[in-house]
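Take a look at the structure below.
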Amino acid sequence: MKTKILIGIPPKNHINLAMDEVQGLTDLGYDCDTIVYTRNKPFAGKIDKLLGVLANAFALVKRLYNFKPNMIYLNSRFEPVGTTRDFITILLIRLLYWHKLNIAIKTHGSDLSILTKKSFFFDSLVIPYLSKQVTLWFFLSHEEKNNIAKLAPKFAEKAYVTGNIIDPNRSIKSEAFLSAHGLNDNRFKIFFAGRMIAEKGIFSIIRAIPQFKYKEDCVFIFAGNGEEYDEFKAEIKSLQIEKYVHLTGFLPEEECDHFYANSDALVFPTYFDEGFPMALFKSIGCGLPVITTQTRAAIDHLKEPDNCLWVNGKDSQSVKKALTMIYESDELRNKMRKNNLVLGQNFTKRKITEQMHQDFIKATVSN
């Protein structure tokens with residue numbers, strides 16, 4: 001009999017990633033079903049958020065009785081809001097669903113202050129309960145797992161490290177695509193994709209441009225929006241660098257993905273608590289030369305100068321220096337392209353889901 005998994009997926013962000021995992025596990029012989037599992041609207045009030053969590057939990061319980069899986073696998077985040085949602089959801093599942101059930105959670109980013117700040121709610125209720133009830137917890141970097149081992153050894157016994165699936169075939173090199181965005185020229189295309197917040201390093205990028213001596217031959221493409229987008233645009237104007245910058249605003253994932261195959265380099269100087277940043281690893285999969293920071297999964301998989309140049313995400317001079325090195329050296333760019341195409345093969349649907357399968361077996365045997 002096939003092992004049955006009910007998979008909680010997001011409603012819009014990284015749908016392709018979630019469905020790639022579903023397909024990969026199905027290909028390995030699992031019987032998979034999906035249900036939406038998500039955070040509430042960010043600007044909802046606390047009561048509305050709680051009601052949303054409860055409604056989602058009851059929907060999960062109903063689906064569990066209909067599908068009767070061996071495991072439920074939830075995509076979430078390890079931080080106060082996401083972990084509170086997981087705690088409430090799993091508590092209700094255990095109270096209302098009376099069949100044997102393994103629980104797996106994959107955290108897309110984490111805020112480990114949840115383990116360092118003194119809190120009766122988290123220290124005495126949430127973390128001990130989840131440590132007991134969750135069969136395995138996937139993190140996206142060894143840094144996260146190792147820090148958790150220091151801060152909460154019992155919880156760390158359930159921690160495993162995985163990656164995300166990267167499919168470079170979703171990114172197609174195309175003059176028509178560049179023409180549609182007004183970018184069909186000979187300028188060197190430097191790409192960034194992500195939320196427009198300072199922690200992603202976006203201000204360090206634009207503050208590097210005025211002193212970057214090759215700026216006349218380049219265009220900096222920013223795809224995304226976010227809380228600091230208006231401030232970001234205002235600073236571009238203040239720096240008088242509008243002619244070197246191309247802003248797309250929000251793009252559907254399917255369209256944004258094509259920029260990886262149609263750019264010359266990625267600049268991603270994040271100092272946000274990234275787990276496995278998709279913009280970074282989609283670039284790797286497409287063989288882009290990369291400028292980034294030493295954070296979490298990047299440390300696990302990338303080396304300088306084979307795959308990337310490391311920068312300080314808060315230092316525009318550091319970013320400018322790396323941009324200059326990338327632009328000036330054909331040899332460096334070609335080396336990175338070759339190495340990153342090879343590295344990208346580590347994140348295929350088959351490889352990632354086969355490792356998940358092995359971790360499922362280890363965790364359920366030891367549970």
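The values are calculated or read from the model by the stated rules, or taken from the named source; none is laboratory data. This structure is a prediction, so every number in the text was calculated from the model and none was measured. Glycine also receives a Cβ, built like all others from the backbone with ideal geometry; neighbour counts cover every protein chain displayed. Heads up: the accessible areas ignore ligands, DNA and RNA and are worked out on the full protein's heavy atoms, side chains in. Shrake-Rupley method; radii C 1.70, N 1.55, O 1.52, S 1.80 Å.
Whether any residue in the range 89-98 is more than 22 Å from residue 278 (Cβ to Cβ) and out of contact with any helix residue (DSSP H, G or I) (no Cβ under 8 Å at 6 or more places or on another chain) is what I want to check. Checked the range 89-98: at least one residue is more than 22 Å from residue 278 (Cβ to Cβ) and out of contact with any helix residue (DSSP H, G or I) (no Cβ under 8 Å at 6 or more places or on another chain). Evaluated against (1) open to solvent by less than 10 Å² (accessible area, probe 1.4 Å); (2) out of contact with any Pro (no Cβ under 6 Å at 6 or more places or on another chain), residue 201 falls short on exactly one condition, (2). Residue 69 falls short of the stated requirement of being over 22 Å from residue 357 (Cβ atoms) and touching a strand residue (DSSP E or B) at 6+ places or on another chain (Cβ under 6 Å). When you look at residue 124, is it free of Cβ contacts under 8 Å to residues at least 40 places away in the same chain and over 19 Å from residue 10 (Cα atoms), yes or no? Yes. Restricting the first member to the range 344-367 and to residues that are among the hydroxyl-bearing types (Ser, Thr, Tyr), and the second to residues that are modelled with pLDDT under 95, the beta-carbon pairs closer than 9 Å and six or more apart or on different chains are 366/157. If residue 199 satisfies every condition in (1) over 16 Å from residue 325 (Cβ atoms); (2) without any contact (Cβ under 8 Å) to a residue 40 or more places away in the chain but one, which is the exception? Of (1) over 16 Å from residue 325 (Cβ atoms); (2) without any contact (Cβ under 8 Å) to a residue 40 or more places away in the chain, only one is false for residue 199: (2). Annotation note: Cβ proximity below 8 Å between a residue of the range 153-165 that is open to solvent by 10 Å² or more (accessible area, probe 1.4 Å) and a residue that is of a type in the set (S, T, N, Q) (sequence gap 6+ or interchain) occurs for 154/131; 157/131; 158/131; 158/135; 161/141; 162/355. Among the residues of the range 310-326, those that are open to solvent by 10 Å² or more (accessible area, probe 1.4 Å) and either closer than 20 Å to residue 17 by Cβ or outside any loop (DSSP other than H, G, I, E, B) (or both) comprise 310, 316, 317, 318, 320, 321, 324, 325.
For the range 334-367, give me the residue count where each residue is modelled with pLDDT under 95 and surrounded by 15 or more Cβ atoms within 10 Å (Cβ to Cβ). Within the range 334-367, residues that are modelled with pLDDT under 95 and surrounded by 15 or more Cβ atoms within 10 Å (Cβ to Cβ) number 2.
The set of residues from the range 239-258 being surrounded by fewer than 18 Cβ atoms within 10 Å (Cβ to Cβ) and closer than 16 Å to residue 17 by Cα comprises 252, 253, 254, 255. Scanning the range 216-223 for any residue that is at pLDDT 95 or above and either under 19 Å from residue 347 (Cα atoms) or under 16 Å from the mean Cα position of the chain (by Cα) (or both) turns up at least one such residue.
The strands (runs of 3 or more DSSP E) found entirely in the range 82-168 that carry 2 or more residues being among the polar types (S, T, N, Q) and out of contact with any Pro (no Cβ under 7 Å at 6 or more places or on another chain) are 102-110. Taking the criterion of being open to solvent by 20 Å² or more (accessible area, probe 1.4 Å) and in contact with a helix residue (DSSP H, G or I) (Cβ under 7 Å, 6 or more places away or on another chain), the residues of the range 279-295 that qualify are 282, 286.
Of these, 49, 12, which one is of a type outside the set (S, T, N, Q), modelled with pLDDT under 90 and outside any helix (DSSP H, G or I)? None of the other options fit; the residue is 12. In this entry, residue 109 passes the filter for residues that are at positive phi, open to solvent by less than 10 Å² (accessible area, probe 1.4 Å) and out of contact with any His (no Cβ under 7 Å at 6 or more places or on another chain). Which members of the range 69-97 meet the condition of being surrounded by fewer than 20 Cβ atoms within 10 Å (Cβ to Cβ), over 23 Å from residue 12 (Cα atoms) and either touching a Lys or Arg at 6+ places or on another chain (Cβ under 7 Å) or at pLDDT below 95 (or both)? Listed by number, the list holds a single entry, 70. Across the range 169-187, the qualifying residues are those that are of a type in the set (Gly, Ala, Ser) and part of a helix (DSSP H, G or I), and the one among them that is surrounded by the fewest Cβ atoms within 10 Å (Cβ to Cβ) is 176.
Pairing each residue of the range 6-24 that is without any contact (Cβ under 8 Å) to a residue 40 or more places away in the chain with any residue that is surrounded by 15 or more Cβ atoms within 10 Å (Cβ to Cβ), provided the two are 6+ apart or on different chains, yields C-beta distances under 7 Å for 11/38; 22/7; 22/32; 22/34.
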